[in-house]
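Derivation of every value follows stated rules applied to the coordinates shown; laboratory data play no part. Note that the coordinates shown come from a computational prediction; the quantities given were computed from them, not determined experimentally. Positions of Cβ are backbone-derived with ideal geometry, glycine not excepted, and every protein chain shown enters the neighbour counts.
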Amino acid sequence: MDKPNIILILADDLGYECLGSYGGESYQTPVLDQLAKTGMRFQHAYALPLCTPTRLQLMTGKYNFRNWRAFGVTDPKEVTFGHHMKNAGYETCISGKWQCYSYNPPNYEPEWRGKGMRPEDSGFDEYCLWHTEHTEDKGSRYADPVIQQNGTYLKNTEGQYGPDIFTEYICDYIERKKDDPFFVYYPMALTHGPFQPTPHSDVWPEKRHDNGVAYFKDMVEYMDVVIGRIVKKLDDLEIRENTLVMFIGDNGSPREVTSLLNGKPFQGGKGYSTDAGTRVPFVANWLGTTPEDVVTDDLVDCSDFLDTMMDLAGASLPEDDVFDGVSFAPQLKGDVGAPREWIFAHHNPLPGWGKDGYYLQRWAQDQHWKLYDTGDLFDLQADAFEENPVVADDEDVRVAREKLQPVLDRLK
């Protein structure tokens with residue numbers, strides 16, 4: 001097979017501190033830790049602070065100032081990586097969370113209702129998704145879920161668990177498409193709130209709709225379990241060495257959650273522009289191709305995945321459009337490649353229901369320094385939580401500003 005199969009898994013509200021391979025001590029994540037040990041772990045992968053902005057950037061390969069409309073609303077004219085991969089000769093499937101169409105309740109900013117992208121128009125041949133319609137109709141994503149498969153709502157889901165259904169659909173799809181190059185995108189429901197029991201929780205099924213932050217641990221560990229089912233399917237079909245599996249988070253963990261990271265408490269930072277809100281786990285595993293047990297400091301942001309996948313597919317993006325990604329395909333093959341020298345973020349989740357209090361934030365950063373368009377500069381190695389802007393004006397500070405300010409000036 002000339003083109004590798006590609007499976008891209010996007011966890012919802014999971015910071016890097018949750019995985020054992022990153023030094024997390026609060027949760028058991030053996031499948032992802034093994035993928036990291038037999039593949040690559042990226043220390044400096046970044047998303048935006050909230051899920052929908054990240055997903056738009058990931059799916060289109062563009063920074064959000066180019067195509068943002070409203071929270072939970074993807075412009076139906078956008079071309080996603082589903083379209084691009086299909087044009088590159090791939091069978092395409094999406095399963096999990098959609099939330100790209102009509103996010104607001106009836107009486108809140110009604111001008112944005114019904115204005116987003118339908119899953120059947122997103123470039124994927126098949127889909128199995130939660131939250132495909134108006135937000136008040138979305139129902140549960142976990143116990144007794146409301147799920148639409150290829151235009152039809154599933155019946156008799158009482159007693160079932162949404163992530164099991166999403167994962168089973170993916171495994172079935174892989175088996176059906178094993179002889180053709182396929183691209184599977186799994187935007188997970190886990191580990192986003194509500195914090196509820198999983199089928200492995202002691203209180204399932206009698207309290208499967210219970211809600212409490214204590215269940216976050218069960219959700220993280222069940223996330224690892226369902227990913228293990230996908231890996232096992234690849235092994236059983238003997239296509240593991242033809243398949244690149246990538247796992248990344250869409251933003252930091254919920255603020256209600258405090259985990260242990262390398263022996264110290266670490267509070268989730270979802271919604272914040274700090275490391276706790278934007279630095280996410282990223283593991284890539286292509287058995288026999290990715291170097292084993294490699295930890296890299298190369299910078300990656302969510303605009304890079306489209307470029308990388310097209311690179312691996314041997315295809316090119318349209319020259320009459322603008323894309324912001326940098327391919328990390330060479331690194332996945334053990335080469336040095338041309339890693340980013342900086343990443344950029346444009347984050348403004350407005351307009352949108354429940355997003356009051358947010359505002360436009362723009363910044364550029366590397367592994368050491370982070371510069372906002374307000375002029376505030378932070379030394380991330382000394383101050384990861386950005387509590388004290390740098391006031392010094394020494395040579396290192398001047399070099400950092402000279403490197404990052406042109407990025408902010410250019411990307412507007």
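Quick notes on this one:
- Förster-model FRET efficiency, 35 Å R0, residue 133 and residue 319, C-beta, rounded to 0.05: 0.45
- Set against the 2.2 N^0.38 Å expectation for a compact globular protein, segment 250-370 has a Cα radius of gyration ratio of 1.24.
- Its Cα centre serving as origin, segment 364-412 has a Cβ charge dipole (Lys and Arg +1, Asp and Glu -1) of approximately 340 debye.
- Directionally averaged shadow of segment 189-272, computed from the convex hull of its alpha-carbon atoms, nm²: 7.4
- For segment 5-359, with +1 on Lys and Arg beta carbons and -1 on Asp and Glu, the positive-most of 239, 254, 310 along the dipole: 254
- Note: relative contact order over segment 364-412, using C-alpha pairs below 8 Å and six or more positions apart, is 34 percent.
- Hydrodynamic estimate: the Kirkwood radius of the chain over Cα pairs, inserted into Stokes-Einstein at 37 °C and 0.692 mPa s, corresponds to D of 152 µm²/s.
- For the listed peptides 80-87, 378-385, 144-151, 304-311, a ranking on the average number of other beta carbons within 10 Å per residue, highest first, reads 304-311, 80-87, 144-151, 378-385.
- Residue order, fewest to most surrounding Cβ atoms within 10 angstrom, among 191, 290, 157: 157, 290, 191
- Stokes-Einstein diffusion coefficient of segment 364-412, Kirkwood radius over Cα pairs, 10 °C, 1.306 mPa s, in µm²/s: 146
- Cα-based shape type of segment 319-411, given that a ≥ b ≥ c are square roots of the gyration tensor eigenvalues and the cut on a/c is 1.5: oblate
- Compared with the direct C-alpha span, the chain from residue 109 to residue 356 gains 87.7 nm at full extension, assuming 0.36 nm per residue.
- Reachable lysines from residue 355, criterion Cα separation under 23 angstrom, eight or more residues apart if same chain: 62, 97, 115, 138, 270, 412
- Euclidean distance of C-alpha centroids, segment 101-173 and segment 211-250, integer Å: 20
- Farthest positive-ward along the chain dipole, Cα basis, beta-carbon charges - from 161, 296, 361: 161
- Gyration tensor verdict on segment 57-169 (Cα atoms; rounded if a/c is under 1.5, prolate if a/b is larger than b/c, oblate otherwise): oblate
- Neighbour counts of other Cβ atoms within 10 Å put 368, 131 in the fewest-to-most order 368, 131.
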